[in-house]
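Enquirer: Here it is: the structure, laid out below.
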Amino acid sequence: MTTILFELGTEELPPKSLKTLQDALCEQVKKSLLEQNIAFDGIKSYAAPRRLALQITNISDKQPDRVEQKRGPNLKASFDEHGELTRAGQGFLQGLNATGLNLSKDDLITLSDKKGEYIGYELTIQGKPTSELMPQIFQKALDDLPIAKRMRSGASKEEFVRPVQWVVLMANEQVIDAVILGHRTGNQTRGHRFHAPDFITISHADDYENILSNAKVIADFDRRQAMIVEQVSSLAAQASAQAVMPAELLDEVTALVDLPVALMAGFPERFLAVPQEALISTMQADQKYFCLIDNSGKLKPNFIFISNIDSKDPQAVILGNEKVVRPRLSDAEFFFLQDQKQPLSALAENLKTRIFQEKLGTIWQKCERMATLAAQIASQIGANQDEAKRAAYLSKCDLASTLVGEFPELQGVAGTYYARLNGEPVGVALAIAEQYLPKFSGDKLPATDIGTALALADRIDTLVGIFGIGEIPTGSKDPFSLRRASIGILRILIEKKLPLNLSELIKNAIAAYADKISDPVRTFDEVSEFINARYRAMYAEQGVAVDTIQAVQAVQVLTPLDFDERIRAVEVFRTMPEASVLAANNKRVANILAKADVAVADTVDETALVHQAEKQLYQAILDAKDAVKPLQQTADYQGVLTALVALAAPLNQFFAEVMVNADDERLKNNRLAILQQVRALFLSVADIGLLQN
């Protein structure tokens, strides 16, 4: 068996795309090998700043031969009574010979299927050598890589994400001669740009990783990343700290170096007076440094960086990085001190000329609406209404600060720092940052009541305003992140167990816009429907069955918290042995009532109960009503459904023995009334007739 080695050597590849390019190249080649029916044991991918490579182990030397059946006309139409080929049969034979075959009628065989028998021929197609197919496979894989913008180098017409410098293509120790991206393949690679810059001959495809390791290149992306994590963690431990290593930053740093060497440096402690989020942001985004924090999460005056050289004088490298980072931190310090020359509230004047949305007015007008809505929410959750209003008025002021102008990701965070420095109440200051929580799926929620009120008010105001002017999200276009805002609203109300009526909040938000919304009724309906549609995405992510969600959505639920409690109850109910029978019978009840040609009565006439099975069912209904009444008052939906399981046997017996649509109208109507009461009991929780299993 054979090992195939492919390496594409380039100028430094985009670090944020390197891992994606590595994975895509591997998947494209694997897909092509399977399509070409070429057997192999495994593919190992490599990616470093100046190379993408694949090593395919135990690959077969050629494709297997395959037999292809050529089917001709019907057997009876192909031969005459003397056994000679008819014109149809001769035409089929001539067609085969036109491809280079030299066949006679004796070479033809009979093929059969359900429709009849046909003349045919089995053509054996010889498999091609793997070495002949690989250049095309690699070229196609490179062409199909997810590259947003390709470039050409010099006079070459070949395009790639970066200029190509060399190409290696080998089968064991032999070079597979080809031209890929305009370069003749060979067996020479290059090591580290500084430690081993010359060409190196690869003696065998199996030796690739070791050869590069000796040339100061750790070609395996995952191995290189593991080395970085180990080195950074070790240095952080020496400083009694924890390293902040976001996954995206770790991937980017891994893509920037061939030979990772972690070094620790520091900066003047005076910079710690600046919001640490600003310091961390500039060190991560601009310098690709790993910041250090203590056990309480406070930033330490140290950072770890990854050098791409094994320097003989690491202290010089450390001093160089410390020199580079100081101006960055000084800029952040300057912006922070500059903003403090006036109180946060003074920046509100700037918001009066900044547009939130052309048809919806300024950011300051949004703050005023948020203040009204946040105060209303605060009154319902036991929070201070005056502080909720104050937080709303200050909520967007930091957008006019120089610090947020330089570091947009600090909106809210900067406002919290400035509010604290201005002596604002703690709840007000914290709420300014918490208004943006949750920022993404699984993110933390606001911790304070004022922050909760502000987060809800901000999102509901935006939703209502954007829908009010007809800018409804379509497909993948959602410029105001309304889907994320909706899920944030639901998460806050559910996970913080707030029994707020979402419909009332939407109506209050619409009222705050006054004449800016031309059709309040349509806006209310569209916003409500949009938020309700987010239940499915939110619960599906949690593994809740779609039919469970549909069962709860089928009943009128006013609060998201109530919706969630019903979801949990139905999920437990469907695990019970009686669930499937009750679901099927509820569906049957719904269908019967939907087809009823009379208005079904709300009460049951006990004198019209003539069959033992309907008497037993009605008694079970009365017992169930008594059992679930206190449970419904406390919204114990799981308890309600558990109590209603007692209806399974009598309802089953009823359908087995009683004719609902009896000829006697009095009996028929009374039986419909019984089923109406069964339906109403279950609908107090959900429409379980929609459950599939």
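Enquirer: In nm, to one decimal, how far is the modelled label at N210 from the one at T124, with both set 7 Å along Cα→Cβ?
Expert: 4.1
Enquirer: Still on this model: Please work out how much length the chain gains when fully extended from A273 to Q338, using 0.36 nm per residue of separation minus the C-alpha to C-alpha distance, in nm with one decimal.
Expert: 22.0 nm
Enquirer: Two decimals, Cα atoms only, Kirkwood Rh: what is Rg/Rh over segment 564-690?
Expert: 0.96
Enquirer: Among the lysines, which fall within straight-line cross-link reach of K359, defined as a Cα-Cα distance under 20 Å, with same-chain neighbours fewer than 8 residues apart omitted?
Expert: K396, K477, K507, K516
Enquirer: I need the shape label for segment 333-404. Rule: rounded when a/c is under 1.5, else prolate if a/b > b/c, else oblate, with a, b, c from the alpha carbon gyration tensor.
Expert: Oblate, since a/c reaches 1.5 and b/c is not below a/b.
Enquirer: Check the straight Cα-Cα distances from K298 and name the aspartates and glutamates below 12 Å, setting aside those fewer than 8 residues away within the same chain.
Expert: The qualifying aspartates and glutamates are E277.
Enquirer: Report the label-to-label distance for L558 and E81 in nanometres (one decimal), using points 7 Å from each Cα along the Cα→Cβ vector.
Expert: Using points 7 Å along Cα→Cβ, the separation is 9.2 nm.
Enquirer: Here is a follow-up. Which net charge results when you count Lys and Arg as +1 and Asp and Glu as -1 among the other residues whose beta-carbon is under 15 Å from that of R223?
Expert: Net charge around R223: -1.
Enquirer: Write down Rg/Rh for segment 66-124, rounded to two decimals, with Rg from the C-alpha atoms and Rh from the Kirkwood relation over Cα pairs.
Expert: On the Cα set of segment 66-124, Rg over Rh gives 0.95.
Enquirer: Length gain on complete extension for the stretch R71 to E12, per 0.36 nm per residue less the alpha carbon to alpha carbon distance?
Expert: The span from R71 to E12 would gain 15.8 nm if fully extended.
Enquirer: Also, I was wondering about something else. Which of the pairs K587/K625; K16/K439; K149/K216; K595/K615; K149/K439; K16/K62 have their Cα atoms more than 26 Å apart in this structure?
Expert: K149/K216; K149/K439; K16/K62
Enquirer: Ranked by Cβ crowding within 10 angstrom, fewest neighbours first, how are T607, T362 ordered?
Expert: Going from least to most buried by this count: T607, T362.
Enquirer: Same structure again: Give me the extension gain from L319 to S345: residue separation times 0.36 nm, minus the current Cα-Cα distance, reported in nm with one decimal.
Expert: Between L319 and S345, full extension yields 5.2 nm more.
Enquirer: Calculate for the chain the 222 nm mean residue ellipticity that helices alone would give, adding -39,500 (n - 2.57) per DSSP H run of length 4 or more and normalising by residue count, nearest 500 deg cm²/dmol.
Expert: Taking each H run of at least 4 residues, the total per residue is -15500 deg cm²/dmol.
Enquirer: OK, next. I need the Kirkwood Rh of the chain: take the reciprocal of the average 1/r across all distinct C-alpha pairs and report it in angstrom.
Expert: With all distinct Cα pairs of the chain included, I get 32.6 Å.
Enquirer: Moving on to the next point. For segment 346-543, calculate the relative contact order in percent as a whole number, restricting contacts to Cα pairs under 8 Å that are 6 or more residues apart.
Expert: Once normalised by length, the contact order is 18 percent.
Enquirer: Using Cα pairs closer than 8 Å and at least 6 residues apart in sequence, work out the relative contact order for the chain, in percent.
Expert: So the answer I get is 8 percent.
Enquirer: For segment 214-263, just say rounded, prolate or oblate: build the C-alpha gyration tensor, square-root its eigenvalues into a ≥ b ≥ c, call rounded for a/c under 1.5, and beyond that prolate if a/b exceeds b/c, oblate if not.
Expert: The shape class here is oblate.
Enquirer: Straight distance only, please: which lysines reach the Cα of K70 with their own Cα at less than 21 Å, same-chain residues fewer than 8 apart left out?
Expert: Candidates past the 8-residue exclusion: K105, K114, K115, K128.
Only the coordinates and a few stated rules stand behind these numbers; no lab work does. Being a predicted model, the structure only gives us computed values, none of them experimental. Positions of Cβ are generated from backbone atoms using ideal geometry, with glycine treated the same way; all protein chains shown enter the neighbour counts.
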